[in-house]
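Notes follow the structure.
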Amino acid sequence: MNNSRIVYSSDQGRIKEEKSTSTTPPAGDGIVRIKRITKGKKGKGVSSIEGLGLNQAELKVLCSELKKQCGCGGAVKDFSIEIQGDVRDNLKQILEGKGYKVKLAGG
């Protein structure tokens, strides 16, 4: 097994890999997808909004607005917004009112 990655160096100690933190949103196809996620949430579901194409600051503003209109909690995670509960239909109406093309994805 050939592994060229150095894990420890006697000169500097432990060498850590640099984490790539991108500040630009990933390029999408122009369609906002809303899906319901329950995996890793102890059976509680969240509605995940992906493909908005906004930066972190704009996502936080939109997230707080969506939380107020839906009356529930939520957070921004890796260029996607997670809103607690299954409120996909409500989110779809709000985002379509803002001019986004929205699709409900997943089950």
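What follows is calculated from the coordinates using simple rules that are stated; it is not laboratory data. For clarity, every value in this text was computed on a predicted model and none was experimentally measured. As a convention, Cβ positions derive from the backbone with ideal geometry for all residues, glycine included, and neighbour counts pool all protein chains shown.
For this structure, a couple of remarks:
- Dipole size of segment 20-105 about its Cα centre, with +1 on Lys/Arg Cβ and -1 on Asp/Glu Cβ: approximately 360 debye, rounded to the nearest 20.
- Compactness relative to 2.2 N^0.38 Å, alpha carbon Rg of segment 20-105: 1.02
- Beta bridge orientation in segment 20-105: antiparallel %, DSSP, nearest 5: 70
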